[in-house]
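Here's the structure, in structure tokens; my notes come after.
The values are calculated or read from the model by the stated rules, or taken from the named source; none is laboratory data. This one's a predicted model, so the numbers in the text were calculated from it and none came from an experiment. Reconstructed Cβ throughout: ideal geometry from the backbone, glycine too, with neighbour counts over all protein chains shown. Note: areas computed on protein heavy atoms with side chains; ligands, DNA, RNA excluded. Shrake-Rupley method; radii C 1.70, N 1.55, O 1.52, S 1.80 Å.
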Amino acid sequence: MKSPLLALPGAVPAEGVDEDVAAHYGDLFREQRALADGTGFVDLSHRGVVAVTGEDRLSWLHLLLTQHVTDLPVGRATEALILSAHGHIEHALYLVDDGTTTWAHVEPGTQDALLAYLESMKFFYRVEVADRTGDFAVVHLPAGSIAEVPEGVVVRETPYGRDLLLPRTDLESYAEKAGPAAGLLAYEALRVEHHRPRLGFETDHRTIPHELGWIGSAVHLQKGCYRGQETVARVHNLGKPPRRLVFLHLDGSEVHLPPHGAELRLAGDGPDGRKIGFITTAVRHHELGPIALALVKRNVPLDAPLLADTTAAAQEVVVEP
């Protein structure tokens, strides 16, 4: 759903799955600094919004998700995944329950597949699931923000800020009060700085939660059975994941950032060396310069200089090998 805030002065549309919101409003680093200082907001209204109602909603979701949600307190934010039978990540849900409804916002365009799966798993449970993307827009307020939250709006409070589920009809009027607007590139730069994975960016068709550090924050190791749980338990108890998420400092003299999927090699092997990983998200940060998240093979030495295509990169550990 294309955001009406693309009509704001200076708005430049983002690309790919994020094309329906603004990448920036004319000053990327000013927008980043505003978010880091706890001011402004980010338009995430292109994200899918799913609602689950009914008295069995939490116990039912508990059977399907990687997170423990049977006793999820009202207003407490959490994250959860849906895995394939082989433990590969299929969906990432950002949840909160308001006492009558469990709300989730999800990656743009993934809500249809998520709804289809949830509908197929209802059986005799007293639950209803609905796509509410057309009714509600996700708006992000950064950590430390003192912006007013309209009465009755569902809020997800996290260490990184607050996600509001704002009635879509109120998006433009709220933007006038909550400004200045910050684009998605500013939001993404802070996401990368905090090593936070994103479905479809840090994941591919074979990603398991351990590779991205999602154990704990989105995967509860002490809950009962769910699809893919055998893989989660086996890797946690008996082995190591084949890949690991790393944080990269990129050579600041390069004009262009390496794109998603850019191949990583050991710098000592040169640009024709063996592929040992790939860039997942590369951004320009207002203080750190060009930085990135990447997936590399688990046995890559922790102190090894890397090449992203031809761009030099130094790694920091996110997921321990």
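Among the residues making up segment 132-176, a single one is open to solvent by 70 Å² or more (accessible area, probe 1.4 Å), within 17 Å of Leu93 (Cβ to Cβ) and among the acidic types (Asp, Glu): Glu157. Would you confirm, using the coordinates I've provided, whether Asp303 is acidic (Asp, Glu) and surrounded by 13 or more Cβ atoms within 10 Å (Cβ to Cβ)? Spelling it out, it is not the case that Asp303 is acidic (Asp, Glu) and surrounded by 13 or more Cβ atoms within 10 Å (Cβ to Cβ). For Gly270, state whether it is open to solvent by less than 60 Å² (accessible area, probe 1.4 Å), of a type outside the set (Val, Ile, Thr), more than 30 Å from His24 (Cα to Cα) and in contact (Cβ under 8 Å) with a residue 12 or more places away in the chain. When the stated conditions are applied, Gly270 passes them.
In segment 285-299, the qualifying residues are those that are touching a Gly at 6+ places or on another chain (Cβ under 9 Å) and surrounded by fewer than 18 Cβ atoms within 10 Å (Cβ to Cβ), and the one that is farthest from Ala189 (Cα to Cα) is Lys297. Collect the residues in segment 206-244 that are of a type in the set (Lys, Arg) and either farther than 28 Å from Ser120 by Cβ or open to solvent by 50 Å² or more (accessible area, probe 1.4 Å) (or both), keeping them in residue-number order. Answer for segment 206-244, where residues must be of a type in the set (Lys, Arg) and either farther than 28 Å from Ser120 by Cβ or open to solvent by 50 Å² or more (accessible area, probe 1.4 Å) (or both): Arg206, Arg227, Arg234, Lys240, Arg243, Arg244.
Here segment 177-205 is the region considered, the condition is being in contact with a His (Cβ under 6 Å, 6 or more places away or on another chain) and open to solvent by less than 40 Å² (accessible area, probe 1.4 Å), and the residue that is farthest from Ser84 (Cα to Cα) is Gly183.
Regarding Ala92, is this residue loosely packed, with under 15 Cβ neighbours inside 10 Å and either within 18 Å of Gly200 (Cα to Cα) or in contact with a Cys (Cβ under 8 Å, 6 or more places away or on another chain) (or both)?
Working: loosely packed, with under 15 Cβ neighbours inside 10 Å: no; either within 18 Å of Gly200 (Cα to Cα) or in contact with a Cys (Cβ under 8 Å, 6 or more places away or on another chain) (or both): yes.
No: the conditions fail for Ala92.
Assess whether Pro258 counts as being at negative phi, part of a loop (DSSP other than H, G, I, E, B), buried (at least 18 other Cβ atoms within 10 Å of the Cβ) and touching a strand residue (DSSP E or B) at 6+ places or on another chain (Cβ under 9 Å). Quick ask: steps written out before the conclusion?
On the way: at negative phi: yes; part of a loop (DSSP other than H, G, I, E, B): yes; buried (at least 18 other Cβ atoms within 10 Å of the Cβ): yes; touching a strand residue (DSSP E or B) at 6+ places or on another chain (Cβ under 9 Å): yes.
Yes, satisfied.
Cβ-Cβ contacts under 6 Å between residues 6 or more apart (or on different chains), taken from a first residue in segment 108-130 that is closer than 26 Å to Gly200 by Cβ and at pLDDT 95 or above to a second residue that is in a loop (DSSP other than H, G, I, E, B) and among the charged types (D, E, K, R), are listed as Pro108/Arg47. Scanning segment 54-77 for residues that are among the aliphatic types (A, V, I, L, M) and touching a helix residue (DSSP H, G or I) at 6+ places or on another chain (Cβ under 7 Å) yields Val69, Leu72. For beta carbons closer than 6 Å, sequence separation of 6+ or different chains, a first residue in segment 218-237 that is more than 25 Å from Thr158 (Cα to Cα) and touching a residue at least 40 places away in the same chain (Cβ under 8 Å) and a second that is open to solvent by less than 30 Å² (accessible area, probe 1.4 Å) and part of a helix (DSSP H, G or I), the qualifying pairs are Val235/His210. Tell me, yes or no, whether segment 50-72 has at least one residue that is in contact (Cβ under 8 Å) with a residue 24 or more places away in the chain, β-branched (Val, Ile, Thr), surrounded by 16 or more Cβ atoms within 10 Å (Cβ to Cβ) and in a strand (DSSP E or B). The answer is yes; a qualifying residue exists.
Can you tell me how many residues in segment 22-43 are under 25 Å from Val149 (Cβ atoms), of a type in the set (Asp, Glu) and either surrounded by fewer than 16 Cβ atoms within 10 Å (Cβ to Cβ) or more than 17 Å from the chain's Cα centre (by Cα) (or both)? Full working, then the answer.
At the first step, the residues of segment 22-43 found to be under 25 Å from Val149 (Cβ atoms) are 22, 24-25, 30-43.
From the residues that got through so far, the ones that are of a type in the set (Asp, Glu) too are 31, 37, 43.
From what's left, either surrounded by fewer than 16 Cβ atoms within 10 Å (Cβ to Cβ) or more than 17 Å from the chain's Cα centre (by Cα) (or both): 31, 37.
Qualifying residue count, segment 22-43: 2.
Flag: Glu19 matches the condition of being open to solvent by 20 Å² or more (accessible area, probe 1.4 Å), modelled with pLDDT of 95 or more, closer than 26 Å to Tyr117 by Cβ and among the charged types (D, E, K, R).
Yes or no: Lys275 open to solvent by 60 Å² or more (accessible area, probe 1.4 Å), in contact (Cβ under 8 Å) with a residue 60 or more places away in the chain and of a type outside the set (Asp, Glu)? No.
Looking at His88, His105, His68, just one residue is under 23 Å from Gly161 (Cβ atoms) and not small (Gly, Ala, Ser), and that residue is His105.
Any chance segment 15-27 includes a residue that's closer than 16 Å to Arg191 by Cα and either of a type in the set (S, T, N, Q) or in contact with a Gly (Cβ under 7 Å, 6 or more places away or on another chain) (or both)? First the steps, then the outcome.
First pass over segment 15-27, keeping only residues closer than 16 Å to Arg191 by Cα: 18, 23-24.
Still in the list and also either of a type in the set (S, T, N, Q) or in contact with a Gly (Cβ under 7 Å, 6 or more places away or on another chain) (or both): 23-24.
So far as segment 15-27 goes, yes, one or more of its residues are closer than 16 Å to Arg191 by Cα and either of a type in the set (S, T, N, Q) or in contact with a Gly (Cβ under 7 Å, 6 or more places away or on another chain) (or both).
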